[in-house]
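Shown next, in structure tokens, is the structure this report addresses.
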Amino acid sequence: MSQYRQDIGEFLKNLDRWISMQQAVLDSFKDSYPKVRDSDRLDIIVHTRIAFNHMIRTLKAFDDWLQDPFITTNASKDLLIQVWDQTVNILQQLISMDIGHTSQMRKMLDELSKEGKLNPLVARFREIGEERREEGRGTTTISF
């Protein structure tokens, strides 16, 4: 077997491993989805952050993929259009989610503030962070 064919074989094995790993992660999130929905707030936050981190990792891998000359010179235009269409769809969903969530949080925080129901300790950390930023001294470990 030529060196070229061996290199391609290893590359294909790496792709198989990536696909298997992604399928396992997908299955894991599908399995945990209903359990997380019924768990406490901290568990929901932790699992959401795990999901975000995996999305970031996957997006980074996609970005690396699209910078690889071996991939870009061999990918068909149809495949690239499919990736583009799905990317824009995901982007629109993400931005819509962000707008909706941020709007809801803004409204909720405004209401809690008017009712005097914000956690005073966390609110004070927020104020200190703002003061430090204005003075150019950095921030506290809690960032908002």
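The values are calculated or read from the model by the stated rules, or taken from the named source; none is laboratory data. Note that the structure is a prediction, hence the values are computed from the model and not measured. Cβ coordinates were reconstructed from backbone atoms using ideal geometry, including for glycine residues, and neighbour counts include every protein chain displayed.
In this structure, Ala51 qualifies as in contact with a Phe, Trp or Tyr (Cβ under 8 Å, 6 or more places away or on another chain), at pLDDT 95 or above and closer than 23 Å to Ile19 by Cβ.
Here Asp64 meets each of (1) loosely packed, with under 10 Cβ neighbours inside 10 Å; (2) in the same structural domain as Phe11 (by TED's automatic domain parsing) with one exception, condition (1). Given the structure, is His101 under 30 Å from Tyr33 (Cβ atoms), outside the structural domain of Met21 (by TED's automatic domain parsing) and modelled with pLDDT of 95 or more? So His101 fits the description; yes. Of all residues in the range 84-116, which are surrounded by fewer than 10 Cβ atoms within 10 Å (Cβ to Cβ) and either of a type outside the set (Asp, Glu) or touching a strand residue (DSSP E or B) at 6+ places or on another chain (Cβ under 7 Å) (or both)? Across the range 84-116, the qualifying residues are Lys114, Gly116. Answer with yes or no whether Ile71 is assigned by TED's automatic domain parsing to the domain that holds Phe11, of a type outside the set (Ser, Thr, Tyr) and under 30 Å from Phe11 (Cβ atoms). Judged against the criteria, Ile71 is a match.
The set of residues in the range 38-61 being surrounded by fewer than 10 Cβ atoms within 10 Å (Cβ to Cβ) and charged (D, E, K, R) consists of Asp38, Asp40, Arg41.
Ala61 satisfies every condition listed in (1) under 28 Å from Gln22 (Cβ atoms); (2) free of Cβ contacts under 8 Å to residues at least 12 places away in the same chain; (3) under 24 Å from the mean Cα position of the chain (by Cα) except (2).
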